[in-house]
Each structure stands twice: as structure tokens, then as C-alpha cells.
């Protein structure tokens, strides 16, 4: 029987600890998660340490997809949550697992929960692929959670979302307005690329300011969870601006 | 500064995995738990494997109490919860961490949360010391959780209890930065007006299509709850497009 948890990808970006990878496979299988995607692993995924910790989840480890970069890992996903321990990096709300994870369970499409490197987490560029941000609450003294523990806590919360065994839980699903049709990451990425090209061309961005400003724009649009129609609408505006510049300002056309 | 979590003992009965003990020390310290009690350990508590996993929680490992049996570990405790993966052994209700753990936090006396052996859990005799019983919900296929993961999930739930109970403690709420200030309606309206004017000018909108399309754009931007800075960013882009058209396409400038 396929459950909603089958549609949730657990994405690890450049993990360096083989013990962690094995532990993660085990706790994923414990909690009913099946899709493990590993971006550019920095350790052995199928070696002795990982299989030792995976125990009866070696099948999940063997089925894990290894991909070169995060965009590849996220292809086809309509909802992406990034985990972070930092608050300064993100000028937006950080949510607890309990607040944000129902968002992955409640729809019928592919979704992803992304975890960063053991030592340095996710880069700003990687964080920008996400629509929402998760931080596991910790005590103040020692805040750096082990990667496998972080995945474990989230896997547990996802399992709790699935099983309606806790009558005290507010029904989070019904609190979140349904957005019917969300564009997959690669479609939105096409818009960002077109936007950046145009903004460079008209002198709003310069190569040295582009990453920082684009980051702000990505967050703004990611928050609103664009539909495919909206992406087409926004791209249509850019094309029309481009047309106006081409037709009416041939100088710019030549410069590009 | 002493929190209720200081009064909760995490009791491990005959653990055999040194990696587990190290991981447990780390996640306890992460979550603000301080009292680790180990009953008759079957592995090295202070060896290379445990300290490797403890990372910055070696102090907690060094303070761990080693005792010969469970009654010694529980001396002075008024509330004891035992964890189990089995339901047959217990002639009483099994509760989820979320249901049962507030019971340990809400009083002012010493309490304990007891975890059994990695392979065989707690004996019936040991289970009998507890007043309530906890089972972590899992998917059906592979139900055996790693010991450190089980402690991690419970430590997380205890931290979540604390966050809810004592508003003066540094808790999850104060750790979460508030959503950036949201721009007032009139500020966002200024952006919509500027956008509509430009889109009419470049021929993307026509007077008869403008209301319908602008409605779609308004919904898209309203969903993301723009901050004043973001409104300024978006208006800056429009101004730059206008500048490019004015400077490089004087025909458009004249037409407007």
C-alpha cells in the first residue's frame, strides 16, 4: 500500500559520515519513509559502517539515488523544506518540525525534505530552493544536532502526521489552505534564470550583486508557491519587456 | 537556570552499543537533558566509540552514573515511564511520547524515562517499576528503532514540552524569528499601480484585459506577504525597466 510518506524524498546534501547514512536508512524505514536521495556523498554509502548501522534497512540504502547536485535531487518536487540550524541566514520564518512537516504530507505530489552537511549545513544557494524552513528546537547550550538524529526527529514527526493516533493534536492539515497546483522546482528555476538574465541586461543587477539580490527574489517568490500558470504569467511579462527592449531599444538587443 | 529537564533521568538498562551511548549523550545535551544513568553497561562507556559520537557532550558522558540495577537507578523518583516496542508484555495502555512525556515535565520532583536493551528491551520485572508506558509509533514493516534514535525522539518531545510549558525559558518560540514585518496594504498597492502602468505601456496588458490579469498578479504577491523591503526591491526593478525603456527606447517614453 502506497502511503503519502512514499512521496517524500529525504535529501542529504554531501553527507560525510557513513554511520549517519546507515542510521538514516534505518530510521526512515522504521517510520515508513522510502525515498533516500544523496547529493554528492563525501563518504562510502554502501560500505561497512553504513550497512552496520542500517541493519534491516540495507534495501533502502541500496535503493538510494545518488545525484550530482541539489536541483537534480529536487526534480519534479512541488514542495521543498530545507532544514537549518541558523537563523541569521534566513530572512524568513523558521518553523518547528511539528508546524511545517504536515505541509509535505497533505498533498499528493512529490515533496522533499533537505538536510545539509554535518559541519556546515546548506549553502544560501541551496536554501533558496526551499519554500519553507525547518529548525528543530534545542536547548541553548549545545545546539548542533547529529544529522541522523535530526532526520530521526523529522521522520518521527512525519509518522505522527500519518497516524491519527493522537487525539490531542490539532488537525494541522485543515489549517493550511490548499494550493491546488504547484509548479515543480525546475519550472520555477526557468523563471529565475530568465529574470536574472533580463535584470543583468538592463543594468538592475551586476555580476557582483546578482547572487544576493536574486536570493531575495527567490525567497519572495518561493514563499508564494507559484502555480505553473503563474510561472507562465511571470515569464510572459519578462518576454514582453524583452520584446519592448528589442523592438524599441535595439541598442540593448545588440549589447546582449 | 535549573529547568525541569534537569530533574528527568534518562535511564539505559544494559546498553551494549558504545556508539549509542555517545549519541545519546549528545542528543540529551542538545535538548537540555543532563542526567544520564546507565544500569550495568555491556560496553565501554568512556571509550573511543562513545566519545566519538558524543562530540561536545563528553562532559555529560563523564557525569553519567553507572549503577548495578534498575531500582538503584530509580531511587528518589516519583514518576517513572518505561519504553517498550512490545504491546503484549504490558497489560495496560501504551502511549505516544507526545501523550505521556508531559507527565515527567509537569512536576517538581525527580522523574525517570527508562530504555531497555538494544536487542531485547526491558524484562517484565523491569517494566513493573513504571507508572506509565511509552511506545514510539513506527511504520509497520520494520519496527525496531535504534536505541539512540528512540532517546532522541523522546528528548525532542521533552524539549517541545518545555517550550510549551514555561514561557520564561529560552524556548522554541523565542528562538524562531518572527516573520519579517509585513508591508501595509497601501505600500503594496503602490507597487501594483506601478506594475499595471508599466505593463500597459509595454503592451503586455490592454485596458480590457488589465483587471483580470492584475487580479492574478495581486493574488500571487499577496500570498507571499511582502515586507516593505521587498516592495522596494520589486519597485526598483520596475523603475529600472522604465529607465531602460526611456533611455534606450525614447519612442515609448513619448507614447506614454
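Structure summary
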| item | result |
| --- | --- |
| For residue A:37: the one exception among (1) touching a strand residue (DSSP E or B) at 6+ places or on another chain (Cβ under 6 Å); (2) buried (at least 24 other Cβ atoms within 10 Å of the Cβ); (3) closer than 27 Å to residue B:137 by Cα | (2) |
| Conditions (1) free of Cβ contacts under 8 Å to residues at least 40 places away in the same chain; (2) within 9 Å of chain B (Cβ to nearest Cβ): number failed by residue A:152 | (1) |
| Enumeration of residues in region A:202-230 that are facing another protein chain (nearest Cβ under 8 Å) and more than 19 Å from residue B:222 (Cα to Cα) | A:202, A:203, A:204, A:213 |
| Hey, residue B:116 within 17 Å of residue B:21 (Cβ to Cβ) and within 12 Å of chain A (Cβ to nearest Cβ) or not | no |
| Residue satisfying condition, being under 12 Å from residue B:4 (Cβ atoms) and away from chain A (no Cβ under 14 Å), within set B:107, B:124 | B:107 |
| 2 or more residues modelled with pLDDT of 95 or more, assigned by TED's automatic domain parsing to the domain that holds residue B:29 and out of contact with any strand residue (DSSP E or B) (no Cβ under 6 Å at 6 or more places or on another chain): qualifying helices (runs of 4 or more DSSP H) within region B:114-187 | B:147-165 |
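The values are calculated or read from the model by the stated rules, or taken from the named source; none is laboratory data. Not measured: the values here are computed from a predicted model. In this analysis, Cβ positions are derived from the backbone assuming ideal geometry, glycine residues included, and neighbour counts consider all displayed protein chains.
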